[in-house]
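One structure below.
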Amino acid sequence: MSLRQALLRDGLAVCSLLFLLLVLLAALLAPWLAPQDPLAPDVQNKFAVWSAEHWLGTDHLGRDVFSRLLYGARCTLGFALLTTVFTLLAGILPGLLAGVLCGRTETLLLRLCDILLSFPAEVLILAVTGMLGAGPEKAALACLLAKWPWYARMMCGIARQYADTNAVRFARVMGHGLPHILRRHILPRVAGETIVLATLHTGSFILTLSALSFLGLGVQPPAPEWGAMLGEARNALLRAPWLMLPPGAAILLVVAACNYLGDCLHDALEGRCGDEGKAVFS
Amino acid sequence: MKLRTTLLHRLPGIVPLLFLTSVLSFGLVQLSPSDPAEVALRLNDITPTPEVIAETRARLGLDQPLPIRYFRWLDAVLHGDLGTSYVNGKSVAAELRQALPPTVMLAATATVIMLAGGLLTALPGVFRPGSRTDRLARLFLFFASAMPSFWLGLLLLQFLAVTLDLFPIGGMNGPASLALPALTLALPHMPAYARLLRAAMLRTARENFVLHDRARGLSPRTVMKHIFRNSLQSCLTALGMSLPRLMAGAFVVENIFAWPGLGRLCVTAIFNRDFPVIQAYVLLMAGMFIVCNLCVDICAALLDPRQREEAAQ
């Protein structure tokens with residue numbers, strides 16, 4: 001059964017996918033959709049509750065929360081997606097190489113990954129941000145350094161599986177070099193599925209990166225990142241507790257959709273099209 | 001016998017690991033793009049002129065070559081001296097010692113909550129799969145895994161501490177103040193453990209001894225007890241590592257609830273660019289992980305009756 005069929009059979013997976021696409025579309029079209037400028041303060045009108053003019057009210061500087069949420073989708077998702085892509089790239093090459101070369105290279109890489117993965121990502125992330133200081137690109141780098149071994153190990157396993165196929169053996173006998181084998185025989189087989197899966201891991205990246213932004217270590221205000229917005233809402237907790245609802249709910253829903261879709265795809269790839277996640281709602 | 005082989009096998013392995021950790025946490029500061037001497041001066045509101053910087057570098061021992069500095073640092077660390085904070089000039093070791101008990105307390109409470117919650121939500125999936133309780137538990141776990149801990153913390157703070165006034169808002173005073181941070185810390189970690197426990201129990205339920213139990217006509221309750229006990233052993237490693245894992249993950253929660261623990265100390269130090277504190281935090285956490293891992297392995301070797309029997313033969 002193809003991936004598409006597996007997904008389409010599950011109503012909730014379709015909903016998650018549509019929701020994610022909708023959020024992505026909203027992020028792309030933010031400049032046209034947003035009713036107000038997300039950065040324009042209006043101190044006269046701060047802490048306003050929802051109204052026709054400000055759909056979700058205004059924050060402590062009178063900025064429109066709905067517009068900030070739309071632009072925040074851009075900031076949060078873009079940031080997390082970019083980090084995921086770079087982490088994936090950082091993991092793919094060593095992983096594939098080790099998987100194809102086997103032998104000592106593989107053992108060495110796997111041992112290194114085991115050591116790095118035996119520490120929790122939080123300690124590594126704090127260590128790297130501690131060294132480089134606060135800032136979005138530094139937070140992203142910290143995430144990358146903490147999570148690449150995971151991808152490297154996964155890719156190594158996948159490549160290992162394909163390195164034993166007849167096509168690869170034949171290519172070796174024919175005297176093709178490693179780059180050729182990687183490009184022609186391994187990458188095309190693993191690329192699609194892994195990239196889709198990794199995209200859905202964006203959920204966990206969103207959680208980590210927005211947590212850092214919430215603490216002030218990632219994206220800096222006044223940028224409308226959802227975690228940073230929560231950080232600002234926290235300072236206004238006593239005055240306007242409702243301010244924390246929109247960004248938090250946005251993170252929760254996007255991450256939940258990513259996770260559900262990711263689980264579903266994972267199960268479909270494993271071939272036992274999931275009663276795991278699905279039984280939740282059926 | 002078995003214990004000794006385990007020890008002999010594992011102990012030499014941790015020496016290079018500990019060495020690597022020390023190199024890593026020492027190297028972190030060296031790799032930093034900003035000059036520690038300049039940072040130290042700026043923190044104390046001294047204008048960093050070249051002469052003053054040179055003097056500070058000499059005072060902090062930064063003018064020595066790298067290997068010498070590393071061994072000096074290592075020597076000091078092994079004697080329990082983790083340096084002094086750039087910000088307040090206090091001994092870092094003393095600050096860590098002060099911040100460690102609150103974090104351990106928080107993580108331990110969170111572990112208990114996590115285990116209890118994980119077990120409660122895993123059980124229906126094993127014994128009544130597909131029932132309404134099972135679906136409810138899965139729904140709960142699904143949303144718990146997507147919940148950003150900082151939002152959960154703020155929500156709990158707002159509804160339980162501010163609106164209903166059931167718990168103190170923040171800080172550490174009394175057991176009541178422990179409840180909200182521990183809950184916030186435990187909840188996002190619960191799904192992973194529930195999944196692990198469920199998988200382990202389902203695996204055990206298929207084993208032959210369970211069939212034998214059933215064939216002997218033991219009551220379902222006793223069978224359940226046997227399944228439960230035997231599955232716990234297989235996830236002992238993960239359970240044992242949950243305490244250090246939660247300690248490392250506590251930094252967000254500690255910040256929200258103004259909990260005077262290690263995570264908050266480190267995040268404050270990051271803002272202040274207080275390198276000795278960051279370095280000590282990384283070293284402590286990594287060291288703790290290595291030691292905990294070793295302890296868990298030894299415990300597993302001690303507890304597993306198969307290994308004990310092997311030793312006896």
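The values are calculated or read from the model by the stated rules, or taken from the named source; none is laboratory data. Here the structure is a predicted model, which is why all the values come from computation and not from measurement. No Cβ is skipped: glycine too gets one built from the backbone with ideal geometry, and neighbour counts run over all protein chains shown. Ligands, DNA and RNA are stripped out before the accessible areas are found, and what is left, the full protein with its side chains, is counted by its heavy atoms. Shrake-Rupley method; radii C 1.70, N 1.55, O 1.52, S 1.80 Å.
Hey, got the dipole for chain A? About the Cα centre, +1 on K and R Cβ, -1 on D and E Cβ, debye to the nearest 20?
Taking the Cα centre of chain A as origin, the dipole is about 860 debye.
Between chains A and B, what is the buried accessible area in Å², counting both sides, with a 1.4 Å probe and ligands, DNA and RNA left out, to the nearest 100?
That pair hides around 4100 Å² of surface in total.
Per residue of B:268-277, what is the mean number of Cβ atoms on other protein chains within 10 angstrom of that residue's Cβ?
Mean partner-chain Cβ count within 10 Å for B:268-277: 3.
Compute a Gaussian network model of chain B, connecting alpha carbons closer than 10 Å, and tell me which residue from B:206, B:57, B:245 fluctuates the most.
It is B:206.
Carbon and sulfur: what percent of segment B:102-264's accessible surface (1.4 Å probe)? Walk me through the numbers before you get to the answer.
Numbers: 4820 of 7410 Å².
So the carbon and sulfur contribution to the accessible surface is 65 percent.
Is the shape of the protein assembly as shown rounded, prolate or oblate, going by the alpha carbon gyration tensor and its root eigenvalues a ≥ b ≥ c, with a/c under 1.5 for rounded and a/b larger than b/c for prolate?
rounded
For the pair residue B:8 and residue A:169, how long in nm is the line joining their label points, each one 7 Å along Cα→Cβ?
Output for this residue pair reads 4.1 nm.
Highest GNM mean-square fluctuation, chain A, Cα pairs closer than 10 Å: which of A:119, A:79, A:205?
The residue with the greatest mean-square fluctuation here is A:119.
Tell me the net charge near residue B:265. Cut-off is 15 Å between Cβ atoms, residue B:265 excluded, with +1 for each Lys or Arg and -1 for each Asp or Glu.
Once positives and negatives cancel, what remains is 0.
Roughly how many nanometres apart are two label points built 7 Å out from the Cα toward the Cβ at residue B:303 and residue A:242?
It works out to 5.0 nm between the two label points.
Using modelled amide H (1.01 Å from N, peptide plane; none on Pro or chain starts), what sits under 5 Å from the amide H of residue B:83, excluding residues fewer than 5 places away?
B:92, B:93
Suppose the chain between residue B:91 and residue B:59 were pulled fully straight at 0.36 nm per residue; how much longer would it get relative to their current alpha carbon spacing?
Extending this stretch completely gives an extra 9.9 nm.
Subtracting the Cα-Cα distance from 0.36 nm times the residue separation, let me have the gained length for residue B:159 to residue B:136 in nm, one decimal.
6.0 nm
Can you tell me which aspartates and glutamates have their Cα less than 12 Å from the Cα of residue A:46? Leave out same-chain residues fewer than eight positions away.
List returned: A:59, A:64.
What number, rounded to the nearest 500 deg cm²/dmol, is the helix-based mean residue ellipticity at 222 nm of chain B, given -39500 (n - 2.57) per DSSP H run of at least four residues and division by all its residues?
-25000 deg cm²/dmol
If you roll a 1.4 Å probe over the heavy atoms of the protein chains, what accessible area per residue do you get for segment B:102-142, in Å²?
In whole numbers, segment B:102-142 has 47 Å² accessible per residue.
Which aspartates and glutamates does residue B:90 reach when only Cα atoms under 13 Å apart count, and residues fewer than 8 places away in its own chain are ignored?
B:81, B:274
Counting each DSSP H run of 4 or more residues in chain A as -39500 (n - 2.57), what helix-only mean residue ellipticity at 222 nm follows after dividing by all residues, to the nearest 500 deg cm²/dmol?
Dividing the helical sum by the residues of chain A leaves -23000 deg cm²/dmol.
What distance in nm lies between label points placed 7 Å from Cα along the C-beta direction at residue A:52 and residue A:117?
5.7 nm
Over what distance in Å are the Cα centres of segment B:32-61 and segment A:129-161 separated?
If we compute the Cα centre of each part, the gap is 32 Å.
Can you find, among A:259, A:222, A:235, the residue farthest towards the positive end of the dipole of the protein assembly as shown? Put +1 on the C-beta of Lys and Arg, -1 on that of Asp and Glu.
A:259
Give me the dipole magnitude in Debye, nearest 20, for segment B:102-264 about the Cα centre, with unit charges on the beta carbon: positive for Lys and Arg, negative for Asp and Glu.
For this selection, approximately 820 debye.
Using a 1.4 Å probe on protein heavy atoms, which residues of segment A:192-233 have at least 20 Å² less accessible area in the complex than alone?
Hits at the 20 Å² cut-off: A:207, A:211, A:214, A:215, A:217, A:230.
Between A:190, A:173, A:14, which gets the highest mean-square fluctuation from a Gaussian network model of chain A, Cα cutoff 10 Å?
Highest fluctuation of the listed residues: A:173.
Which residue, B:110, B:8, B:70, has the largest displacement toward the positive end of the dipole of the protein assembly as shown when charges sit on each Cβ (Lys, Arg +1; Asp, Glu -1)?
Checked the options; the winner is B:8.
Can you tell me how chain B classifies by the Cα gyration tensor, rounded, prolate or oblate, using a/c under 1.5 as the rounded cut?
Here chain B falls in the oblate category.
Would you mind calculating the gained length between residue B:23 and residue B:222 on full extension (0.36 nm times residue separation, minus the Cα-Cα distance), in nm to one decimal?
66.4 nm
Determine the dipole magnitude for the protein assembly as shown: charges of +1 sit on the beta-carbon of Lys and Arg, -1 on that of Asp and Glu, nothing else is charged, the reference point is the Cα centre, and the result goes in debye to the nearest 20.
Roughly 2000 debye for the protein assembly as shown.
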